[in-house]
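S.K.: Right, I'll just put the structure down here and ask away after.
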Amino acid sequence: MKAIDNKELILSLEELEKEKGIKKSYVIEAIETALVTAYKRNFDSLENVRVDIDKQTGATHIYAIKDVTEQAKDEATEISLEDAHKINKELKIGDQVDVEIVPKDFGRIAAQTAKQVIIQKLREVEREVIFNEFNERKGEIVSGIIQKADKNIVIMDLGRLEGIMPTKEQIPTEHYHVNDKIKGYVLDVEKGQKGAPQVIITRSHPDFVRKLLELEIPEIYEGVIEIKSVSRDPGYRSKVAVYSPDPNIDPVGSCVGQKGVRIQNVINELHGEKIDVIEWNEDPSIFIASSLLPAQIMAVDIKEDEKFAQVIVRDDQLSLAIGKAGQNARLAAKLTNWKIDIKSESQFREILMNKQENEEKENTEETNEN
């Protein structure tokens, strides 16, 4: 029986391998698998079939895999020993044999199937290229046009694919509208349904502030000034700890800029979110005191092994140090990675007095017992 010839297929696959890097053998295997499905679907066949495509000529051979029996009761799956010997005289009962078949119109079906598989593989490769491209852009800022915006998700057009900004990655004080152009930070790249890459965009992550500062302030980009840590309450306030090993550089002044111009550009991008720029210090007491700005700190007592700091402020500075709903203290703790307990001067005195009274009481009780 004549095989289905398709030299054009092989030439196409060789071109595909050269241009797109898709292995010819990989596509041929996929076409073979697809042709088995196509044969069974189009010919309503119960046969166990196998398809072989010659990798040099493109000749397509279709085989029905049959069990050798004395008498074939089910012609779809069995072949008599007598008929099997016409193919190979050494076959015996219980063996399996490949019987070549050429169904009518299968050449047309094969051509359509091959075309569909090639298109599918091209899509897969294109998705993989885009996935790898954006995967390398993790940690970068991208711009996009909002295509969809509701309370659950914002979808951005990034050019070659979509960016998705879930609720938790949005700034709660911002309102997003279709056709608005916005910036976002590439948090992650995932493979979504059917393998299509999805770019997860964030505007609420602390690293979005970090990257905006890097883009706005050349000294950070060049490594002259280092951002040590960022803590953030998205939409309301951020604290950024900066440091320069060069004693001639003022890291805070460089970040803020003349009349606050540099930092203002970042604040504008964040639609008014306040940014406190603090100088990092290797001495935790100094760093913790700075992190609680704008409050003025009287004293910091630290317990290094517990990473715990007791901070004392003047009575009129307590609410400022703690901040509205504890925001300032919470951001300072995140920035420094220390547990911080803030007490006013009068509260601390009261604690000391109570402690002193308790000690005196204990001493008195011990004296009475003796």
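The values are calculated or read from the model by the stated rules, or taken from the named source; none is laboratory data. Note that the structure is predicted; figures quoted are calculated from it, not measured. When we count neighbours, we look across all protein chains shown, and the Cβ atoms used for this are built from the backbone with ideal geometry, even at glycine.
S.K.: Name the residues in the range 126-159 that are within 15 Å of GLY192 (Cα to Cα) and over 17 Å from the mean Cα position of the chain (by Cα), would you?
M.R.: Hit for the range 126-159 is GLU126, nothing else.
S.K.: Taking the range 256-300 only, how many residues are on the phi < 0 side of the Ramachandran plot, under 29 Å from the mean Cα position of the chain (by Cα) and not polar (S, T, N, Q)? First the steps, then the outcome.
M.R.: To start, the set of residues in the range 256-300 that are on the phi < 0 side of the Ramachandran plot comprises 256, 258, 261-270, 273-300.
In the following step, the residues that additionally are under 29 Å from the mean Cα position of the chain (by Cα) were identified as 263, 265-270, 273-277.
With the extra rule that they be not polar (S, T, N, Q), the set shrinks to 263, 266-267, 269-270, 273-277.
Number of matching residues: 10.
S.K.: A further question follows. Could you please find all residues in the range 297-311 being touching a residue at least 24 places away in the same chain (Cβ under 8 Å), closer than 27 Å to PRO245 by Cα and not hydrophobic (A, V, I, L, M, F, W, C)?
M.R.: Listed by number, the list holds a single entry, LYS307.
S.K.: Across the range 21-56, what is the total count of residues that are in a helix (DSSP H, G or I) and either among the hydroxyl-bearing types (Ser, Thr, Tyr) or in contact with a Ser or Thr (Cβ under 8 Å, 6 or more places away or on another chain) (or both)? Let's see the steps before the verdict.
M.R.: Of the residues in the range 21-56, the ones in a helix (DSSP H, G or I) are 24-42.
Narrowing the set further to residues that are either among the hydroxyl-bearing types (Ser, Thr, Tyr) or in contact with a Ser or Thr (Cβ under 8 Å, 6 or more places away or on another chain) (or both) leaves 25-26, 31, 33-35, 37-39.
Total satisfying the criteria: 9.
S.K.: Could I ask something else about it? Could you check how many residues of the range 58-101 are polar (S, T, N, Q), within 25 Å of LYS40 (Cβ to Cβ) and either at pLDDT below 85 or in a loop (DSSP other than H, G, I, E, B) (or both)?
M.R.: Number of matching residues: 2.
S.K.: Still on this structure, I have one more. Can you pull out the residues in the range 322-342 that are among the hydrophobic types (A, V, I, L, M, F, W, C) and under 17 Å from PRO284 (Cβ atoms)?
M.R.: Quick first cut of the range 322-342, residues among the hydrophobic types (A, V, I, L, M, F, W, C) only: 322, 325, 329, 331-333, 335, 338, 340, 342.
Hits for the range 322-342 are ALA329, LEU331, ALA332, ALA333, LEU335, TRP338, ILE340, ILE342.
S.K.: For the range 312-321, does any single residue satisfy the condition of being surrounded by fewer than 16 Cβ atoms within 10 Å (Cβ to Cβ) and either in contact (Cβ under 8 Å) with a residue 12 or more places away in the chain or of a type in the set (Phe, Trp, Tyr) (or both)? Show your work before the answer.
M.R.: Our first condition is that a residue be surrounded by fewer than 16 Cβ atoms within 10 Å (Cβ to Cβ); within the range 312-321, this holds for 314-316, 319.
Next, only the ones that are either in contact (Cβ under 8 Å) with a residue 12 or more places away in the chain or of a type in the set (Phe, Trp, Tyr) (or both) stay: 314-315.
Within the range 312-321, one or more residues are surrounded by fewer than 16 Cβ atoms within 10 Å (Cβ to Cβ) and either in contact (Cβ under 8 Å) with a residue 12 or more places away in the chain or of a type in the set (Phe, Trp, Tyr) (or both).
S.K.: Among the listed residues ILE31, ILE10, ILE53, ILE4, identify the single one that is under 16 Å from GLY107 (Cα atoms), at pLDDT 80 or above, β-branched (Val, Ile, Thr) and in contact with a His (Cβ under 9 Å, 6 or more places away or on another chain).
M.R.: Numbers: ILE31 fails: in contact with a His (Cβ under 9 Å, 6 or more places away or on another chain); ILE10 fails: in contact with a His (Cβ under 9 Å, 6 or more places away or on another chain); ILE4 fails: at pLDDT 80 or above.
Within the list ILE31, ILE10, ILE53, ILE4, the selection yields ILE53.
S.K.: Let me ask another. Any idea how many residues of the range 204-233 are without any contact (Cβ under 8 Å) to a residue 60 or more places away in the chain, outside any strand (DSSP E or B) and charged (D, E, K, R)?
M.R.: Going through the range 204-233, the residues without any contact (Cβ under 8 Å) to a residue 60 or more places away in the chain turn out to be 204-206, 210, 213-214, 216-228.
Checking the rest, the ones that are also outside any strand (DSSP E or B) come to 204-206, 210, 213-214, 216-225.
Next cut, charged (D, E, K, R) only: 210, 214, 216, 219, 222.
Residues meeting the conditions: 5.
S.K.: Taking the range 87-129 on its own, how many of its residues are farther than 25 Å from ALA64 by Cα and surrounded by fewer than 17 Cβ atoms within 10 Å (Cβ to Cβ)?
M.R.: Adding up the residues that qualify gives 9.
Residue-wise test of (1) exposed (fewer than 14 other Cβ atoms within 10 Å of the Cβ); (2) among the β-branched types (Val, Ile, Thr); (3) under 22 Å from GLU128 (Cα atoms).
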| site | (1), (2), (3) |
| --- | --- |
| ILE164 | no, yes, yes |
| VAL178 | yes, yes, no |
| LYS191 | yes, no, yes |
| ALA196 | no, no, yes |
| THR202 | no, yes, no |
| ILE220 | no, yes, no |
| ILE225 | no, yes, no |
